[in-house]
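Undergrad: First the structure, which I've put down as structure tokens, then a few questions once you've had a look.
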Amino acid sequence: MSLKLYNTMSREKEDFIPRDTGKVAMYVCGPTVYNYIHIGNGRTYLSFDIIYRYLKYRGYDVKYIRNLTDVDDKIINKANEEGVTAEEIAERYSVAFNEDTERMGLAKPTIAPKATEHIKDMVEIIGGLIDKGLAYAVDGDVYFEVTKFPDYGKLAHRFLEDMRAGERVVIDPRKHHPMDFALWKSAKPGEPSWDSPWGKGRPGWHIECTAMSLKYLGQGFDIHGGGRDLIFPHHENELAQTEGYTGKQFVRYWMHGGMVNIGEEKMAKSLGNIILVRDLLKERNPNVLRLLALGTHYRSPIDFSSEKLREAESAYDRFLNARRRIAQALESPTITRFPERVEEAGQLQRAIQETKSKFIKSMDDDFNSAAALASLFELVRDTNMFIESNEQEMTMIAKDTLLTADNMLVELAGAVGLNLVLPEEATGLEASLSADIYDLAAEVLELNLDNKAKSELLDELLARRNEARKQKDWVTADMIRDSLAKMGIEIEDTPLGSRWKLARD
RNA sequence: GGCGACGUGGCCGAGUGGCUUAGGCAAUGGUCUGCAAAACCAUGUACACCGGUUCGACUCCGGUCGUCGCCUCCA
């Protein structure tokens, strides 16, 4: 069974055959660090995080490079606005980017190189392009000459004569062709600059990716990714300059992710509808965001809305609740013989295997995460039904099978970075319990509170409530339930007994 | 003007030449229950429109309408 992925270059799904068997070299264009990242950026990084993790899950040895663009006009503009140096801006938002991506639960790339640390490599490549007659210097600027690269336009599938160059921007008369793009820009006073054969200046945008991808991944690496909007001009230009320079194929597979719209509109600064990742994650669980991304194919646009988020939250809860049910069922009394249940366990066992193969089949088909997710939900339904039909007691076989199902859910969700750890099982439980629990315990329990952990008190409170329920002391039972609810602890009374859960953060 | 994507049941969102009950959310019904909440289970016959190809099309082809994206630095 082979992995297929859609290649922007051929516009077809292709069998994925990496350059080196068993290894994947992938490069994703990272952010220009001049602001906090918004959810559109976030979605792209999330998409490639999913791809990265899944490739590793499939056994590939993946080298994943995601750069930071820390020298750029936008950074300089921002610095001028704030009256600080460009370096300060770049540093501030690089740090912020790392914080945001960590909060999003993104795996760290193998290497996260910075443009400013590779100026020398870029200068060398630019020099090489001039030597080959593919670039020319004018007044300290260097331009790539697109008409000298016959394949120019092959990625974006557009031809020079079709493009309306200059329609939106005044054409620089020094350029040989309006589409020629800057490899090197001469520095104005006060701008960050480096020495070069053409005078002090800084690199153009595209050249950094050429330099860093060649340096860390070499020629003809496997996957180059980014948002759709990077196809032209960014990746087209990268491609032209790199293949012009090396004379060899630059990238085997080009992958581009879909955009995020706000409602039906494009998210854009001019529309004032930018949503920052860090703002969103102040009140939302990162797994919910990931689930939202997984629910739509990576190449399709997402119309973002708070309704969508709420739906994703409910869906995420369905996974967590399934795991809670399984955990509870595993604690039910074990019975030794129940022959007619063996067949049911066998069915569930088969369902588990089917889930895995369906999941992999879906993901192997150009990372169809929405279909993969569906198989996970099917397993959730199967385990729920299994637990239901076993009523209140289970054989060891049944429990083993349930445990296998639980492990499979966690494994497959984890393969695409979805974390199904229950909030109440996470290590921060003690911290997330409210201190109000002391007051409640003091009121309800007649015991010495000294040196008791909050989680211990919770256990005792739950025990106390069960006792009260047994004695039909509904006042006490309800009081405990309501008080705990205010602290974010929900109690569910089920046929298998009471169960509690912590609200998602 | 050029290139491209897309139009699926209340919403979102996969998918396929004739059996997918895709899946999620919501809704309705049911189970459970001291109450409550939650949870779980069960239902929906959809594929923009018009032609064509075919034994058969939501799926292939053509056209119409509509929505959207990119076309110099925006992921």
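Undergrad: Evaluate segment A:99-110: report whether one residue or more is within 13 Å of RNA strand B (Cβ to nearest atom), under 32 Å from the mean Cα position of the chain (by Cα) and closer than 30 Å to A:Leu294 by Cβ. Step through it out loud before you land on a result.
TA: Of segment A:99-110, the ones within 13 Å of RNA strand B (Cβ to nearest atom) are A:100-101.
Checking the rest, the ones that are also under 32 Å from the mean Cα position of the chain (by Cα) come to A:100-101.
Next, only the ones that are closer than 30 Å to A:Leu294 by Cβ stay: A:100-101.
Yes: segment A:99-110 contains one or more residues that are within 13 Å of RNA strand B (Cβ to nearest atom), under 32 Å from the mean Cα position of the chain (by Cα) and closer than 30 Å to A:Leu294 by Cβ.
Undergrad: Right, here's the next one. So is A:Leu320 within 17 Å of A:Thr383 (Cβ to Cβ), among the hydrophobic types (A, V, I, L, M, F, W, C) and away from RNA strand B (no atom under 11 Å from the Cβ) or not?
TA: On the way: within 17 Å of A:Thr383 (Cβ to Cβ): yes; among the hydrophobic types (A, V, I, L, M, F, W, C): yes; away from RNA strand B (no atom under 11 Å from the Cβ): no.
No: the conditions fail for A:Leu320.
Undergrad: Please pick out the residue among A:Ile51, A:Ile65, A:Ile89, A:Ile39 that is within 12 Å of RNA strand B (Cβ to nearest atom) and not assigned by TED's automatic domain parsing to the domain that holds A:Glu411. Give the steps one after another, and end with the answer.
TA: On the way: A:Ile51 fails: within 12 Å of RNA strand B (Cβ to nearest atom); A:Ile65 fails: within 12 Å of RNA strand B (Cβ to nearest atom); A:Ile89 fails: within 12 Å of RNA strand B (Cβ to nearest atom).
Residue meeting the stated conditions: A:Ile39.
Undergrad: Among the residues of segment A:265-305, which ones are among the basic types (Lys, Arg) and surrounded by fewer than 21 Cβ atoms within 10 Å (Cβ to Cβ)?
TA: Let us first name the residues in segment A:265-305 that are among the basic types (Lys, Arg), namely A:266, A:269, A:278, A:282, A:284, A:290, A:299.
If the condition is that a residue be among the basic types (Lys, Arg) and surrounded by fewer than 21 Cβ atoms within 10 Å (Cβ to Cβ), then A:Lys266, A:Lys269, A:Arg278, A:Lys282, A:Arg284, A:Arg299 are the ones that fit.
Undergrad: If you don't mind, there's one more thing I want to ask. Show me the strands (runs of 3 or more DSSP E) found entirely inside segment A:173-242 where at least 1 residues are more than 14 Å from RNA strand B (Cβ to nearest atom).
TA: Details: elements: A:181-186, A:201-203, A:221-227.
Answer list for segment A:173-242: A:221-227.
Undergrad: Considering segment A:86-110 alone, what residues qualify as being of a type in the set (Val, Ile, Thr) and surrounded by 15 or more Cβ atoms within 10 Å (Cβ to Cβ)?
TA: Pass one, segment A:86-110, residues of a type in the set (Val, Ile, Thr): A:89, A:95, A:101, A:110.
A:Ile89, A:Thr101, A:Thr110, listed by residue number.
Undergrad: Which one of these is touching a Gly at 6+ places or on another chain (Cβ under 9 Å), crowded, with 18+ Cβ neighbours inside 10 Å and not acidic (Asp, Glu): A:Leu409, A:Leu379, A:Leu420?
TA: Going through A:Leu409, A:Leu379, A:Leu420 in turn, just one is touching a Gly at 6+ places or on another chain (Cβ under 9 Å), crowded, with 18+ Cβ neighbours inside 10 Å and not acidic (Asp, Glu): A:Leu420.
Undergrad: Same structure, new question: When you scan segment A:1-22, how many residues do you find that are within 12 Å of RNA strand B (Cβ to nearest atom), charged (D, E, K, R) and outside any strand (DSSP E or B)?
TA: 1
Undergrad: Can A:Val380 be described as more than 16 Å from RNA strand B (Cβ to nearest atom), of a type in the set (Val, Ile, Thr) and within 12 Å of A:Ala322 (Cα to Cα)? Steps first, please.
TA: Numbers: more than 16 Å from RNA strand B (Cβ to nearest atom): no; of a type in the set (Val, Ile, Thr): yes; within 12 Å of A:Ala322 (Cα to Cα): yes.
No: the conditions fail for A:Val380.
Undergrad: Can I ask one more? Tell me, which helices (runs of 4 or more DSSP H) wholly within segment A:390-505 include 1 or more residues that are in contact (Cβ under 8 Å) with a residue 60 or more places away in the chain and within 36 Å of the chain's Cα centre (by Cα)?
TA: On the way: elements: A:396-415, A:429-432, A:436-444, A:454-470, A:474-486.
Ranges flagged: A:396-415, A:429-432.
The values are calculated or read from the model by the stated rules, or taken from the named source; none is laboratory data. Only a predicted model underlies this, so the values are computations on that prediction, with no experimental measurement involved. Methodologically, a virtual Cβ is constructed for each residue, glycine included, from the backbone with ideal geometry; neighbour enumeration extends over all protein chains shown.
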